[in-house]
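K.L.:
The structure follows.
The values are calculated or read from the model by the stated rules, or taken from the named source; none is laboratory data. Nothing here was measured: the structure is a model prediction, and the numbers come from that model. Glycine gets a Cβ as well: all are built from the backbone with ideal geometry, and neighbour counts include every protein chain shown.
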Amino acid sequence: MANLASSKKRAKQTIVRQARNVARKSSVKTAVKKVLASLQANDALEVTKELLKDAEAKIARAKGKGIFHANTAARKISGLARRVAAAARK
């Protein structure tokens, strides 16, 4: 454990930030799963597009906070958009 006051503060901040990052990452995963579940259940296209919009926003926010690398975020958004577009063509 840290001895200096500043080290103790840093350790506390790290724990808080880690918990926040885990929560954000979990939120993104949940949003992605909702989009995929909507596609699999053949829900209305408008509903799926709304879920996609929400997932894109969460991924972009996570990228901005440094949780995802820019290319990872782009890949996730692109893959989801591709699947929704394919479902729209059917």
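K.L.:
Could you check, for the stretch 6-14, whether at least one of its residues is touching a helix residue (DSSP H, G or I) at 6+ places or on another chain (Cβ under 6 Å) and either at pLDDT 95 or above or under 17 Å from ALA73 (Cα atoms) (or both)?
P.N.:
The answer is no, given that none of the residues of the stretch 6-14 is touching a helix residue (DSSP H, G or I) at 6+ places or on another chain (Cβ under 6 Å) and either at pLDDT 95 or above or under 17 Å from ALA73 (Cα atoms) (or both).
K.L.:
Would you please list the contacts, defined by Cβ atoms under 7 Å and residues six or more apart or on different chains, that run from a residue in the stretch 23-39 that is in contact (Cβ under 8 Å) with a residue 12 or more places away in the chain to a residue that is small (Gly, Ala, Ser) and in a helix (DSSP H, G or I)?
P.N.:
ARG24/ALA62; LYS25/ALA62; VAL28/ALA62; ALA31/ALA55; VAL32/ALA55; VAL35/ALA55; LEU39/ALA87
K.L.:
With surrounded by 16 or more Cβ atoms within 10 Å (Cβ to Cβ), charged (D, E, K, R) and either out of contact with any strand residue (DSSP E or B) (no Cβ under 9 Å at 6 or more places or on another chain) or on the phi < 0 side of the Ramachandran plot (or both) as the only criterion, which of LYS90, LYS63, LYS12 stands out?
P.N.:
Only one candidate qualifies: LYS63.
K.L.:
Scan the stretch 7-46 for residues that are closer than 11 Å to VAL84 by Cα and in a helix (DSSP H, G or I) and report the count.
P.N.:
Here the count works out to 7.
K.L.:
When residues of the stretch 56-84 are filtered for being in a helix (DSSP H, G or I) and either modelled with pLDDT under 95 or in contact with a Lys or Arg (Cβ under 7 Å, 6 or more places away or on another chain) (or both), how many remain?
P.N.:
So the count comes out to 5.
K.L.:
Now for a separate question. Out of the residues in the stretch 31-55 that are polar (S, T, N, Q) and exposed (fewer than 12 other Cβ atoms within 10 Å of the Cβ), state the one that is modelled with the lowest pLDDT. So that I can check it myself, show each step before the final result.
P.N.:
So the first thing to find is which residues in the stretch 31-55 are polar (S, T, N, Q), and the list is 38, 40, 42, 48.
Going one step further and asking which of them are exposed (fewer than 12 other Cβ atoms within 10 Å of the Cβ), we end up with 40, 42.
Values: GLN40: 94, ASN42: 88.
So the residue we want is ASN42.
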